[in-house]
Amino acid sequence: MATSSSPQRRVCVTGGGGFIGSWLVKLLLSRGYAVHATVRDPGDAKNAFLMRLDGAPANLRLFKADMLDYDTVVAAFAGCVGVFHVATPVPEHKIVDPQKEIMEPAIKGTMNVLRASLAMKVHKLVLVSSIAACIFNPDWPQDITKDESCWSDKEFCKETENWYSLAKTQAEEMALEFGEKNGLHVNTFCPALVIGPLLQHVVVNTTSKVLLYIIKGGPDMINNKFFSMVDVRDVAEALLLLYDKAMSSERYLCALDQVDLKDLLAIMKPMFPNYSYADKMVDVDLNITFTSDKLKNLGWKPRKLEETLAESIESYEKAGLLQVPDGEPCRLPFFFRPPPV
Ligand SMILES: NC(=O)c1ccc[n+]([C@@H]2O[C@H](COP(=O)([O-])OP(=O)(O)OC[C@H]3O[C@@H](n4cnc5c(N)ncnc54)[C@H](OP(=O)(O)O)[C@@H]3O)[C@@H](O)[C@H]2O)c1
């Protein structure tokens, strides 16, 4: 029988210190996996929590790796049968140099991960793409639910300077093609807006800042028809489900139903009445409904949005992130300001 540190159970998570990466590391440790987690700076205070996770002293190893540096990637994958490629920047501010800030980390970074997986004889690679690689497609009829066959239109992303979506779309396509061509088992995974409790509070990730903005309010307009959301803990569960069960080359969408911002506020305000909440809303005719039925058919059971919101807010309160600031107002991360499509 495989033990927690036997080769059959050793996997690598790239970007293990990030919001999604760290919840995945935590889940894998709890399920008895030996985990290699890559971080760019193991000495950074924001990564200190990783070695305090349950099971970490025995089963977690941190690897200093930059996805742009092949040698560091390949070293982190040594001895691993599985890889979860999570590491990609999620820009908070307007992108000034698309090539450097997002295209290179996403494309070259993913290619290094693919080549290193092949070289290290990794059995399965699960790539975290994004709903951003699915929904920006003007040819898809508004009234038809989007599914895994819907891809963002790269030309449209270029025209609209939606560099993040362009990068995620290109990287995901490339990974599936590479897998097919080289006999590498690749699955891609496209989550919607990921929110949920934080495991570390030193640096807050971009999408948690979106929910923080909705709670605190500020000067920026925000679309009433908002992106679908999903709990970070359910994302981690889904990634492991894919790793265990998905057939090669399969793509999976992962989201709860789209909720209007007004409905979101109607859930949060009675639970936590003491916050200002975002009130500058633009009503847009934006229907981005899509289905996660394929993932649910694998056995994915997401928790209710109410639970996610309540536990996120409790986590922010505990971290002191909801205190009224003295200085700069809270801002909505640039990517989420209207018009989103
Ligand atoms: N959050 C969402 O709503 C959402 C939705 C869909 C898809 N995703 C995808 O999920 C993944 C993780 O996002 P997140 O929300 O968890 O963001 P996050 O907390 O900012 O995590 C991003 C991670 O990527 C790492 N990274 C960035 N560039 C790197 C490089 N060149 N080499 C090595 N590591 C690098 C970061 O490491 P450092 O700490 O060293 O910067 C960090 O650990 C990304 O691929 C993102 O596109 C996120």
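The values are calculated or read from the model by the stated rules, or taken from the named source; none is laboratory data. Here the structure is a predicted model, which means the values were calculated and not measured. Using ideal geometry, Cβ is built from the backbone for each residue, glycine included, and neighbour counts are taken over all protein chains shown.
Suppose the filter is under 22 Å from D244 (Cα atoms) and within 15 Å of the ligand (Cβ to nearest atom); does T188 pass it?
Details: under 22 Å from D244 (Cα atoms): yes; within 15 Å of the ligand (Cβ to nearest atom): yes.
Yes, satisfied.
Can you list residue pairs whose Cβ atoms sit under 6 Å apart, with the first residue in segment 52-73 being in contact (Cβ under 8 Å) with a residue 60 or more places away in the chain and the second being away from the ligand (no atom under 16 Å from the Cβ) and of a type in the set (S, T, N, Q)? Count only pairs 6 or more apart in sequence or on different chains.
none
For segment 114-162, give me each residue that is within 12 Å of the ligand (Cβ to nearest atom) and either more than 16 Å from the chain's Cα centre (by Cα) or in a loop (DSSP other than H, G, I, E, B) (or both).
Filtering segment 114-162 for residues within 12 Å of the ligand (Cβ to nearest atom) gives 126-135.
Correct list: S129, S130, C134, I135.
If you go through segment 211-220 one residue at a time, do you hit one that is over 18 Å from H85 (Cβ atoms), within 12 Å of the ligand (Cβ to nearest atom), part of a helix (DSSP H, G or I) and not acidic (D, E)?
There is at least one residue in segment 211-220 that is over 18 Å from H85 (Cβ atoms), within 12 Å of the ligand (Cβ to nearest atom), part of a helix (DSSP H, G or I) and not acidic (D, E).
Being at pLDDT 95 or above, in contact with a strand residue (DSSP E or B) (Cβ under 8 Å, 6 or more places away or on another chain) and not polar (S, T, N, Q) narrows it down to one of L29, L68, so name that one.
Being at pLDDT 95 or above, in contact with a strand residue (DSSP E or B) (Cβ under 8 Å, 6 or more places away or on another chain) and not polar (S, T, N, Q) holds for just one of L29, L68, which is L29.
For I107, state whether it is more than 9 Å from the ligand (Cβ to nearest atom) and not in a helix (DSSP H, G or I).
No: the conditions fail for I107.
Return the total of residues in segment 45-58 being farther than 15 Å from F19 by Cβ and of a type outside the set (G, A, S).
Going residue by residue through segment 45-58, those that are farther than 15 Å from F19 by Cβ are 45, 48, 51-52, 54-58.
Filter once more, so that each one left must be of a type outside the set (G, A, S): 51-52, 54, 57.
Result for segment 45-58: 4.
Would you list the helices (runs of 4 or more DSSP H) that sit entirely within segment 1-93 and hold 3 or more residues that are crowded, with 18+ Cβ neighbours inside 10 Å and either within 9 Å of the ligand (Cβ to nearest atom) or under 21 Å from the mean Cα position of the chain (by Cα) (or both)?
19-30, 70-77
List pairs: first residue in segment 3-16 and modelled with pLDDT under 95, second residue assigned to a loop (DSSP other than H, G, I, E, B) and not aliphatic (A, V, I, L, M) anywhere in the structure, Cβ distance under 6 angstrom, at least six positions apart or on different chains.
Between residues of segment 3-16 that are modelled with pLDDT under 95 and residues that are assigned to a loop (DSSP other than H, G, I, E, B) and not aliphatic (A, V, I, L, M), the close pairs are S4/G32; R9/Y33.
Identify, from the list G183, G196, the residue that is within 21 Å of V126 (Cβ to Cβ), more than 16 Å from the ligand (Cβ to nearest atom) and not aromatic (F, W, Y).
G183
Restricting attention to segment 97-143, and to residues there that are within 17 Å of T206 (Cα to Cα) and among the hydrophobic types (A, V, I, L, M, F, W, C), which single residue is surrounded by the fewest Cβ atoms within 10 Å (Cβ to Cβ)?
Once the filter is applied, the top-ranked residue is I102.
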